[in-house]
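One structure below.
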Amino acid sequence: MTQDILEKVDPRVQHAISAVLRKRFGDYGFRNAHVEAGLDHDGDPILLIDAYYDFSKRPVDTSAMLGLTRALREVLQTLGETRFPHVRHQFDDRQKVVRET
């Protein structure tokens, strides 16, 4: 696989990922996502997703993270995207987080 192929991410994929993140995390200050192609530790192609957030007075409920990978994979499959999505959440340093029990 050439480096050129690794760098390509269909704009529809970028839009779909942002839509899923906005739906789940819009109340927590989701601003945008940056998506790029990469390789995992086994050399398999993946999507590296950096999700950026503005500070929100509403604490982030960690239960919102549950099922995120599945939701992303489902929407990506409809676009023919087979690379596994790896999400890194980039919250403001002041952001509070709560955990539902």
Filter pass, Leu39 being of a type in the set (A, V, I, L, M) and under 18 Å from Arg24 (Cβ atoms): no
Condition broken by Thr62, with the remaining ones in (1) in contact with a Phe, Trp or Tyr (Cβ under 8 Å, 6 or more places away or on another chain); (2) touching a residue at least 12 places away in the same chain (Cβ under 8 Å) satisfied: (1)
Sole residue being among the basic types (Lys, Arg), touching a Pro at 6+ places or on another chain (Cβ under 7 Å) and on the phi < 0 side of the Ramachandran plot, chosen from Arg83, Arg58: Arg83
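Since every read-out is calculated from the coordinates, none of them should be taken as a lab result. All values reported here derive from a predicted model rather than from experimental measurement. Every residue, glycine as well, gets a Cβ built from its backbone with ideal geometry; the counts of neighbours run over all protein chains shown.
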